[in-house]
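Each remark here refers to the structure printed beneath this line.
The values are calculated or read from the model by the stated rules, or taken from the named source; none is laboratory data. Note that the coordinates shown come from a computational prediction; the quantities given were computed from them, not determined experimentally. Here the Cβ is made from the backbone with ideal geometry for all residues, glycine too, and neighbour counts use every protein chain on show. What goes into the accessible areas is simple: the full protein's heavy atoms, side chains included, and nothing from ligands, DNA or RNA. Shrake-Rupley method; radii C 1.70, N 1.55, O 1.52, S 1.80 Å.
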Amino acid sequence: MSGKYEPEKYELELGGDLFRVPVHQLITPLTRCRDVTLDIMRLDQIHPLVSGNKWFKLKPAIESARKTGMPVLSFGGAWSNHIHALAYAGAHFSVPTLGIIRGEPEYASNAMLTDARRWGMKLHFVTRAEYRQRTHPDYLQSLLERFGPGHLVPEGGSQAAALPAVASIWQHPVFSEREYDAVFLPVGTGGTLAGVLFGAPSNVEVIGVPVLKYGEWLEQDISALLQQAGGAVRCKWSLDPASQGAGYARLNAEEAALVRQMQDGYGLDLDPVYTVKALRALQRRIVQCRIKPHSRILMLHTGGLQGNRGFADRLSALAPEFVGPLPL
């Protein structure tokens, strides 16, 4: 995926109907052999730029900023899908935005941050040591004193105010037509999983697939978000410990080969940061007979495809290195 994205080509409405996104059944030799129905909810098709979970997590902040006239300030790395989506949403709704970016100013020339600057986002680069303070109240206050009043949005958009917006995913018409045994989704900072749990019915299991190495902090963060939002979890849920990834930008040969195979063989575009890792974890569960026959599974495609521009060369180099069979 390459080239520029032009905001004027697309429509995005705060109150619009976002649930006309398709749900595609993915039929592979593995799902047929194990008699498992696997559906993919294409939240990535909500919008080319503010896609997947990003729209749900940004919507409350954009609404508040429009009412107050104050800017939105948030955090991310040089290839952050969250920063990219926030910059576009700010441009579209005439909301000023500021990105606190982990890394060197030279990163401003990459494709993602070039888009963000073109859409009017101001970028402030910080060292990795300073970036680690992004949740400390004193540091956040210092940013507001330096840049002026604004709406602070945590990294990835994970905040209690966003949980009801994420939970609105359950209003998609597919849930009135089909009953699922489990819902799979990738997990970064935990905000999307918390929002899904906020609205999940009691008769479904929700399984999160971490893309980072995690500890108790992740479950604690998810629980804290739910508590702050006043939500009670009604369903069974878990994090898949066997699938945790090495990091956002880490990609191995198996994952690269799976991205290519899904694209070439099934017409399904995956991003290397989130969705490919969730699909790989789900496939392994099916191979290990941890998914019962006749189960109906839904996987959330959480978007981020514009970030593939930063992985194109690595995907092309890594995919041919994988020599083992893919669990398809």
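Descriptive notes on the structure:
- Three-way shape label, the range 34-126, alpha-carbon gyration tensor, a/c 1.5: oblate
- Surface composition of the chain: carbon and sulfur atoms hold 49% of the protein heavy-atom accessible area at a 1.4 Å probe.
- Cβ crowding within 10 Å averaged over residues, with 283-294, 111-122 ranked highest first: 111-122, 283-294
- Averaged over its residues, the range 91-185 has an accessible area of 50 Å² per residue, based on protein heavy atoms and a 1.4 Å probe.
- Pairs beyond 22 Å (Cα-Cα), from LYS57/LYS122; LYS236/LYS292; LYS54/LYS277; LYS59/LYS122; LYS57/LYS292: LYS57/LYS292
- Of the beta bridges in the chain, as assigned by DSSP with both residues counted there, near 10 percent are antiparallel.
- In this structure the range 186-245 gives 43 Å² per residue of accessible area when probed at 1.4 Å with all protein chains present.
- Cα gyration tensor shape of the range 39-185, rounded if a/c is under 1.5, else prolate or oblate by comparing a/b with b/c: prolate
- Only one item in [x] 31, 23, 19; [y] 35, 22, 17; [z] 44, 22, 16 matches semi-axes √(5λ) of the Cα gyration tensor in Å derived from the coordinates shown, and that item is [x].
- Bridging of LYS213 to aspartates and glutamates at a Cα separation below 13 Å is possible for ASP240, once same-chain residues fewer than 8 apart are set aside.
- Considering only PHE175, PHE184, PHE311, the Gaussian network model of the chain with Cα springs below 10 Å gives its largest mean-square fluctuation to PHE175.
- Using a Gaussian network model of the chain in which every pair of alpha carbons under 10 angstrom is joined by a spring, one finds that among TYR88, TYR180, TYR139 the greatest mean-square fluctuation is at TYR139.
- Whether the range 84-139 is rounded, prolate or oblate, judged on the alpha carbon gyration tensor where a/c under 1.5 counts as rounded: oblate
- Helix 137-147 axis versus longest C-alpha principal axis of the chain: approximately 50°, rounded to the nearest ten.
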